[in-house]
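Right, one structure below, let's go through it.
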Amino acid sequence: MKVIVTKNYAEMSAVAADMFKGVLTAKKDAVLGLATGSTPEGMYACLVDMYKKGELDFSDVKSVNLDEYYPIKKSDDQSYDFFMRKHLFSHVNMKEENIHLPNGEAADADVEACEYEKLIDSLGGADIQVLGIGRNGHIGFNEPDTYLLADTHLTGLTASTIEANSRFFASEEDVPKHALTMGIGSIFKSKKIVVMASGKEKAEAVKTLLEGKIRTDCPATMLVLHRDCTLVCDEDAYSLVK
Ligand code: GLP
C-alpha cells in the first residue's frame, strides 16, 4: 500500500481529487467508485471546481456507490443518494442513467444486492474507488466481525457506527440499523483504490491498517492485499503510526 501523508484535510482532499482527475483524463468514460461520509466531501468540492474550470468532463462517466442505508427513501436528506446529488451529481454533467447506488427503496434487499453485484460486473468494476474508513476500521458498511463477505449484501450496523453516524440524524434512534453495501470482493473489483482518512478519531484505524496484519475485526486491513491501493491521510490520522 502506498501512503501519502498530508498536512491537513484540504491537502488530503486535493491529492485525492488529483488522483481522480488522472483517471478521468486518461479515460473519458471511466467508472468511478464513490463513497459518502464527511471525509470525501472536500474531494468532491475539488472535482466540482475542476469541472467548473473546464478541466473535467463527466458526460461519459459512470458511477457506482459503495453503500446505502436500508430501508431509506432516496428523498430522505440522510440517504446516500441525497448526499451524492448534493455534493457531486447536481454540480457536474453526469447523465442520470450513468449514476448507480444500491437502492434503499428496493422491496427485497437480497435481490437488490444480487442485482447490484451484477451491475458492478457489467461495468467491469470501478476504474478508481474512493473509500473512507470508519472509526472501527469499517469500509463501506463492512463492519468488524468474525467473517467478511465478498459480494454486495444487506448488513446490520454496529452500535459504534450507529453512534458515529447519529451526528447526521435527529437522534440515535433515527439512524437506520441496516445497509446495503458492496462486499470486500466488490471493492476489490476496482482497478485502483484511494482510502482517505482525516482527524485523530481515525488514527487508531490507520495505525491498525498500516500494521499489515489482515484482521476481520478491522475490515480496512484487507486493503493491503489490493495491488493498487493508496492511503491519503492527514497528519492527525497518521499520528499513531510509529
Ligand atoms: C459511513 C460510510 C463509510 C464511511 C464512514 C466514515 O459509515 N458507510 O463509507 O467511510 O461512514 O465516515 P466519515 O467520513 O464521516 O468519518
Choice from Lys27, Lys53, Lys202 with maximal GNM fluctuation in the chain (Cα, 10 Å cutoff)
Lys53
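If each DSSP helix of 4+ residues adds -39,500 (n - 2.57) and the sum is divided by the residues in the chain, what number results at 222 nm, nearest 500 deg cm²/dmol? Walk me through the numbers on the way to the answer.
On the way: 8 runs with 76 residues, N = 242.
Mean residue ellipticity at 222 nm (helix-derived): -9000 deg cm²/dmol.
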Based solely on C-alpha atoms, express the radius of gyration and the Dmax of the chain in angstrom.
16.6, 48
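State to the nearest 20 debye the size of the charge dipole of the stretch 186-239 about its Cα centre, where the only charges are +1 on K and R beta carbons and -1 on D and E beta carbons. The partial results should precede the final answer.
Values: 9 positive and 8 negative charges, 78 e Å.
For this selection, approximately 380 debye.
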To the nearest 0.05, what FRET efficiency results for Lys2 and Lys213 with a Förster distance of 22 Å applied to their C-beta separation?
0.75
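Please report the net charge: other residues with Cβ closer than 15 Å to the Cβ of Lys191, K and R +1, D and E -1.
Details: positive: Lys2, Lys27, Lys62, Lys189, Lys192, Arg227; negative: Asp29, Asp121, Asp127, Asp228.
Taking every Cβ under 15 Å from that of Lys191, the sum is +2.
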When the Karplus curve 6.51 cos²θ - 1.76 cosθ + 1.60 is applied with θ = phi - 60°, which whole-Hz ³J(HN,Hα) does each residue of the stretch 148-162 get, with x for Gly and Pro?
10, 9, 7, 9, 4, 7, 8, 9, x, 8, 6, 4, 5, 6, 4
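Between Glu97 and Asp174, what FRET efficiency follows from the Cβ-Cβ distance if R0 is 45 Å, with the result rounded to 0.05? Spell out each step's value before the answer.
Values: r = 32 Å, r/R0 = 0.70.
Efficiency, from the Cβ-Cβ distance: 0.90.
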Note the full-extension length gain between Glu163 and Lys86 as 0.36 nm times their separation in residues minus their Cα-Cα distance, in nm to one decimal.
25.4 nm
Electrostatic dipole magnitude of the stretch 70-190 [Cβ: Lys, Arg +1; Asp, Glu -1; Cα centre; debye, to 20]:
420 debye
Within the stretch 77-117: backbone nitrogen closer than 13 Å to the Ser59 label point (7 Å, Cα to C-beta)
93-95
Mind pulling up the Rg/Rh value for the stretch 115-242? Radius of gyration and Kirkwood radius, both on Cα.
0.96
Output wanted: per-residue J couplings in Hz (rounded whole) for the stretch 230-241, from phi through Karplus 6.51 cos²θ - 1.76 cosθ + 1.60, θ = phi - 60°, x for Gly and Pro.
10, 8, 10, 9, 8, 4, 5, 5, 8, 5, 9, 6
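Which entries of Lys95/Lys191; Lys7/Lys53; Lys74/Lys191; Lys52/Lys242 have Cα-Cα distances beyond 32 Å here? List each step's numbers first, then the result.
Working: Lys95/Lys191 23 Å; Lys7/Lys53 25 Å; Lys74/Lys191 29 Å; Lys52/Lys242 41 Å.
Among Lys95/Lys191; Lys7/Lys53; Lys74/Lys191; Lys52/Lys242, the Cα-Cα distance tops 32 Å for Lys52/Lys242.
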Work through the residues other than Thr158 whose Cβ is under 12 Å from its Cβ and net out their charges, Lys, Arg +1 and Asp, Glu -1.
-2
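Size of the dipole of the chain about the Cα centre, Lys and Arg at +1 and Asp and Glu at -1 on the beta carbon, nothing else charged, in debye to 20?
Around 940 debye, computed over the chain.
Only the coordinates and a few stated rules stand behind these numbers; no lab work does. Predicted model, so just to flag it, every value in this text is computed and none were measured. We place every Cβ from the backbone using ideal geometry, glycine too, and count neighbours over all the protein chains shown.
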